[in-house]
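K.L.:
Take a look at the following structure, please.
The values are calculated or read from the model by the stated rules, or taken from the named source; none is laboratory data. The structure displayed is predicted, hence computed values, not measured ones. Cβ: placed from backbone, ideal geometry, glycine included. Neighbour counts: every protein chain shown. Ligands, DNA and RNA are stripped out before the accessible areas are found, and what is left, the full protein with its side chains, is counted by its heavy atoms. Shrake-Rupley method; radii C 1.70, N 1.55, O 1.52, S 1.80 Å.
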Amino acid sequence: MKVRGMPVLDRNEPLRGQLPVRPERAPQEPDVHWTRRALSATVALAEVVLLAWLCFGPAFGVRSVIVTGERHLTASQVEQLAGLHDGGSVLTIDGAAAQQRLEGQVWVRSATVQPQLPGTVVITVSEWQPVAVYHAGASKKLFWMSSQAVILGPATNAGGLIDIQGPGAVDPRSGAGDPHPGDRVLEPDLLTAMVNIERAMPTLVGQDVAGFVFDSCGNLTMLAKRGWKVYFGRVLTPEEFATLRDKLTALKAIAGNGNVDYSSTDLEYVNVMNPNEPAVAYRSQEPPPASPTPGATPSPNQCR
């Protein structure tokens, strides 16, 4: 209560006769902020070191690679193509990327790459299987061909597969114009038709097929093992391709009517370019029958 005329005392001033006393400071708490940051940094560094040791150390290193399904490729080739030849850790292997690398190879149809702890990688591949051998014109170089009409690689021999001769090389002496692995040299549907014809001929006419010739004009010729030929004509358009069924029917029909002896060594060719009017020629006929020349590469102005 303030009384008029009375002086107001300042509580912070010492009373008369007292010495001034400096107030004591409250004890300061230790600065834990930097301590916590230092501790966190230490823990983070330890985690990085541990992770690096796990990724690149021996604990999860690739110790074995199991490859299955390979036939034309070797297990070591598959391992190298997958990018696993340098070892490393199973924790750092990108299975999807390794699979993509493998499936980009000509021989590989599909693949899976599965890293397994602690140190194993399992690779399963499915390879394309050759269904035919291919050569360009008179070239003696043979190449494996997949069911997709893609060249897989050089072949040392036909291996019992159907032989397909494509248009001749640009320079037969140097082999210029020969296909390379990965090249598609035919339409897959046409190759499928050739393979099916080759399989059906023993039942259809009682004869085996030696191979086919597909020239630069798109004309298809079948070569029988007995030496005679069948001229199917051009098979470039879908309409022309669809006539193959009728032409095969004509082959069987003329044999049933006694118009041709497919077992004769004198038989020269059967022409079913027009399935409604098939023609048969024998070597002993005079004059020699005029016919297309299988294996020749016609000039553009010869193609009709």
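K.L.:
Please give the FRET efficiency for residue 226 paired with residue 141, using the beta carbon to beta carbon distance and R0 = 35 Å, rounded to the nearest 0.05.
P.N.:
After rounding, the FRET efficiency stands at 0.85.
K.L.:
Projected onto the charge dipole of the range 93-224 (+1 at Lys/Arg Cβ, -1 at Asp/Glu Cβ, origin at the Cα centre), which of 177, 105, 203 gives the Cα projection farthest towards the positive end?
P.N.:
It is 105, whose Cα lies furthest towards the positive end.
K.L.:
May I pose another question? Given a 1.4 Å probe and the protein chains all in place, what does the accessible area of residue 189 round to, in Å² to the nearest 10?
P.N.:
Counting only protein heavy atoms, the figure is 110 Å².
K.L.:
State, to one decimal in nm, how far the label point of residue 71 lies from the label point of residue 129, with both points 7 Å from Cα in the Cβ direction.
P.N.:
Reported label-point gap for residue 71 and residue 129 is 0.5 nm.
K.L.:
I've got another one for you. Could you rank 70, 277, 103 by how accessible they are, 1.4 Å probe, largest area first?
P.N.:
Largest accessible area first, the list is 277, 103, 70.
K.L.:
Further question: Which whole-Hz ³J(HN,Hα) couplings does the range 123-128 yield from phi under the Karplus relation 6.51 cos²θ - 1.76 cosθ + 1.60, θ = phi - 60°, glycine and proline marked x?
P.N.:
10, 10, 10, 10, 9, 5
K.L.:
For the residue pair residue 156 and residue 97, what label-to-label distance in nm results when each label sits 7 Å from Cα along the Cα-to-beta-carbon direction?
P.N.:
For residue 156 paired with residue 97, the spin-label model returns 3.8 nm.
K.L.:
Top to bottom by accessible area (1.4 Å), largest first, where do 72, 180 land?
P.N.:
Solvent-accessible surface, decreasing: 180, 72.
K.L.:
Still on this structure, please answer the following. Using unit Cβ charges (K, R positive; D, E negative) and no other charged atoms, how large, in debye to the nearest 20, is the dipole of the range 185-272 about its Cα centre?
P.N.:
My answer is approximately 180 debye.
K.L.:
Could you sort out which of 141/225; 141/229; 140/252; 140/225 sit more than 26 Å apart by Cα distance in this structure?
P.N.:
Table pairs above 26 Å Cα-Cα are 140/252.
K.L.:
Can you sort 261, 215 by solvent-accessible area, 1.4 Å probe, largest first?
P.N.:
The ordering from most to least exposed comes out as 261, 215.
K.L.:
The range 128-154 to the range 181-196: how many Å between their Cα centroids?
P.N.:
9 Å
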